[in-house]
Amino acid sequence: MLEPPSDVDAREGETAEFACRLTPCMPPPRVAWYFETARPPRHGDRRPLVGGDRYRLRVTADGLVSLVVVDVQLTDAGVYTMSADSSAGTVEVTAVLTVHGQCMPACQLTLNPLIMVALWNRGPLYFCHVVSFFFFFYLFFPRLISAAIDWMSTILLHMVWP
């Protein structure tokens, strides 16, 4: 084993890739990838991954081994293990995939502590009106609302920490 895979952070819908490099040998090793979910109640269930639409497995002659997870979902979060078996022996390495769910901008608004405190200081009713406004308009203008929340966060950040 030359380079083990690194842990990966990805958002829902993105592509995640695990890559590692094995010492080239003859005959080439038999490589398998396994997945173990981090979510109860199935935590501890280790299952083999088979190449297909969502999982792309690759082994090259120079020892590069990779697993690509296409269209990452929350259920893909967990531990990925690469097992290589050759005449020289067996090696197993693991890496963790952390998946961050898509959050609606109104959710981002309420999760951003700077915005939350600023709105709450204007009063609870004002806070509820603003959050409702963002939920409603997000349905029609998602990119505009995301940009507005980013802008509000930047302005408030500069007001608090000049």
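Rule-based calculations on the coordinates, nothing more; no lab input. Computed from a predicted structure; not experimentally measured. Glycine also receives a Cβ, built like all others from the backbone with ideal geometry; neighbour counts cover every protein chain displayed.
Below are the figures for this structure:
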| read-out | value |
| --- | --- |
| Of the trypsin sites (Lys or Arg not before Pro) in the stretch 1-94, those whose Cβ has at most 15 other Cβ within 10 Å and which sit in DSSP loop | Arg42, Arg54 |
| Simple label model, 7 Å out from Cα along Cβ direction - Thr98 to Thr15, nm | 2.3 |
| Spin-label pair Leu125/Leu57, simplified geometry with 7 Å Cα→Cβ offset, distance in nm | 6.3 |
